[in-house]
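Where a number appears in this text, it was derived from the coordinates with a stated rule and is not lab data. As the structure is a prediction and not an experimental result, all values here were calculated from the model. Heads up, the Cβs are rebuilt from the backbone with ideal geometry, glycines too, and the neighbour counts pull from every protein chain shown.
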Amino acid sequence: MKPIETIMRTAPVIPVIVIDDVRHAVPLAEALVAGGLRVLEVTLRTAAARDAIRAMKQVKGAIVGAGTVTNPADLATALDAGSEFIVSPGLTDDLADACAEAAIPFLPGIATAGDIMRGLDKGLNHFKFFPAVAAGGLLALKALAAPFGQCRFCPTGGISLRNAPDWLALDPVLCVGGSWVAPRYAADEDVDGDHVAALARNAAAVTGDAR
């Protein structure tokens, strides 16, 4: 498996994807990959998530992981679906230990210095800063990153195409997570692949603007 830093450096934006109907999984993944976003985070918020991860893994070039993993039971579900990395909104000892035992790349959520220190105690130094805007925004992450120079971050929560370049301009930020590039489609809708690919292309271009 690819190390979490390699995954984070693959593209400037990781789409945060919510799938309600598994038939949306492949066309959505194909459009995102075609637009330059290969790392796909499928949140375990719906009944279709596990099958969606399995389906998306068949898309050439896609690196598919599970998000909203909050405990070892969720981790087992994600691993069963073939997830290549794990994202969590927070950090617990149980989940960190389970991910270490499974040897799966893990990106836990942090919002405080104590969160980061707990992660470092577990051998982790790559984190999701969440909820990025609500937790204090750019100034908060700058302050948190200063005493933890060994750490790298993926801010998620309130990130948009408009503010993504500001986050990516911070040296400790390797990528951002955002749902704006992966619209949530209702069961009776079809994926607009051209629209999603255009969103992905715009998102994939933000690195050059920021650094």
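Quick notes
- Space enclosed by the convex hull of the alpha-carbon atoms of the stretch 30-74, per residue, Å³: 72 Å³
- Whole-Hz ³J(HN,Hα) from phi, Karplus 6.51 cos²θ - 1.76 cosθ + 1.60, for the stretch 28-38, glycine and proline x: 5, 4, 4, 5, 5, 5, 4, x, x, 10, 8
- Gaussian network model of the chain, springs between alpha carbon atoms under 10 Å - residue of Asp94, Asp166, Asp188 with greatest fluctuation: Asp188
- Inverse of mean 1/r across different Cα pairs in the stretch 4-210, Kirkwood, Å: 16.8 Å
- Neighbour net charge for Lys142 - beta-carbon separation under 13 angstrom, K R +1, D E -1: -2
- Per-residue Karplus couplings for the stretch 143-154, computed as 6.51 cos²θ - 1.76 cosθ + 1.60 with θ equal to phi - 60°, are listed in order as 5, 5, 6, 4, x, 10, x, 7, 9, 10, 9, 10 Hz, Gly and Pro entered as x.
- Estimated from helical segments only, the mean residue ellipticity of the chain at 222 nm is -10500 deg cm²/dmol, where each DSSP H run of four or more residues counts as -39500 (n - 2.57).
- Between amide H atoms placed 1.01 Å from N, distances below 5 Å from Leu107 occur with Ile86, Val87, Ser88, all of them 5 or more places distant or on a separate chain.
- Nearest-0.05 FRET efficiency for Thr70 and Asn125, computed from C-beta distance (R0 22 Å): 0.55
- Listed by chain and number, the lysines whose C-alpha is less than 21 Å from the C-alpha of Lys57, apart from same-chain residues fewer than 8 away, are Lys2.
- Computed over the chain with a Gaussian network model linking Cα atoms closer than 10 Å, the most mobile of Val59, Val42, Val16 is Val59.
- Packing rank of 70-83, 167-180, where each peptide gets the mean count of other beta carbons within 10 Å, highest leading: 167-180, 70-83
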